[in-house]
Amino acid sequence: MTVITRFLIEEREMHLDERSPTDLLVVITARCGSERLNNKMMARINGRPLIYWILRRYEKIKCRRVLATTTKSEDDALCEVAESLKIPITRLEDEDDVIGRIELARQQHASNAKLIFRALGDCPFYATPLLDRAADLMLMTSADAFAWMLPPENLPVYGAREFPYSLKAWERIVSRSEVREHVDMFFARNRSGFKVLYHEPPPTDYTRPATYRLEIDYPEDIDFLRGVANLTPMATSLVDVIKLLDRHHELIKINQHCLEKTGPLVSFSHAERRKWFQQMRGQPVVDWDNRVWKTQSNRSLPVFCEAGNCLLGYSEEGKLFTLDGHILSGP
């Protein structure tokens, strides 16, 4: 009979200081040219350009930061901000080859990096503690990628979804990806070829309706961001920004009508997203106590709570095998 087992990854706790600053490369991709919102990276937020706050977002993480932009003169201003913060810069002529820019940054500034993370230039409130955890776990388990064990339609808010790739996985993306502007496209359509570390879903602190829009693509997004910055420092954690929005719904209304033009729910078909779910079948899950939960059958599908935000266990042949080891039979 299929049962749930639990076991530790290792008989010791993880410590952040075990990771070298050279292990994780954070490449901030940004440019001033944009079809949706031209020059958004230089929009003034609390007296500083947006790119300044995004570059500083990652300064407390043990990593190597690089700004990757284009050779266009309009992006000279971005480089000046990076230089003022003593952050290395990579520039590539082809503005659509984002993968090429990141790879050039790796070759020029961090060729010995074990993990490569693309930091989005339109994501001012990225949850850096989640990046820290993903990087530590990936190095401990030699994983290629990190993903939440969640139904593909149940995503946390923007800033809690993006994670690094291993060097091995990144080299495969560089050599085989035909869509050079979208870094995650090749991985999303070829997940079965990667060793994915699935993690227990994030706390519900990161789960909010789609009306909580935290990316910067439209003029209304800039107005929203300025409204947030008037009430809390730009260095505020993503969780605290979300709690602020819970109290100030007038901010949410500023840009809630703006729709994503790219992203998991827009760029991929329903069939593709359901395939991701099927690929979770029988996969082990790391929990927040650094334990691994695993079924003894590769046929078992994960089962989530009614809201789809928490993992209950696995199902197979009409039975629910809960994470604490109980077996429930029924319809």
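Screening the stretch 60-83 for residues that are in a helix (DSSP H, G or I) and touching a residue at least 24 places away in the same chain (Cβ under 8 Å) and picking the one that is surrounded by the most Cβ atoms within 10 Å (Cβ to Cβ) gives L78. Please enumerate the residues belonging to the stretch 276-316 that are surrounded by fewer than 17 Cβ atoms within 10 Å (Cβ to Cβ), among the aromatic types (F, W, Y) and within 17 Å of R191 (Cβ to Cβ). Hit for the stretch 276-316 is F277, nothing else. Residues in the stretch 95-118 that are within 21 Å of the chain's Cα centre (by Cα) and under 22 Å from D136 (Cβ atoms): I102, R106, A110, A113, K114, L115, I116, F117, R118. Taking the stretch 227-318 as the region of interest, the helices (runs of 4 or more DSSP H) fully inside it that hold 2 or more residues being of a type in the set (D, E, K, R) and under 23 Å from the mean Cα position of the chain (by Cα) are 238-247, 270-278.
Does R106 satisfy the condition of being at pLDDT 95 or above, open to solvent by 30 Å² or more (accessible area, probe 1.4 Å) and closer than 13 Å to P164 by Cβ? No.
The values are calculated or read from the model by the stated rules, or taken from the named source; none is laboratory data. The shown structure was predicted, so the numbers you read here are calculated from the model rather than taken from an experiment. Here the Cβ is made from the backbone with ideal geometry for all residues, glycine too, and neighbour counts use every protein chain on show. These area figures cover heavy atoms from the full protein model, side chains too; ligands, DNA and RNA do not enter into them. Shrake-Rupley method; radii C 1.70, N 1.55, O 1.52, S 1.80 Å.
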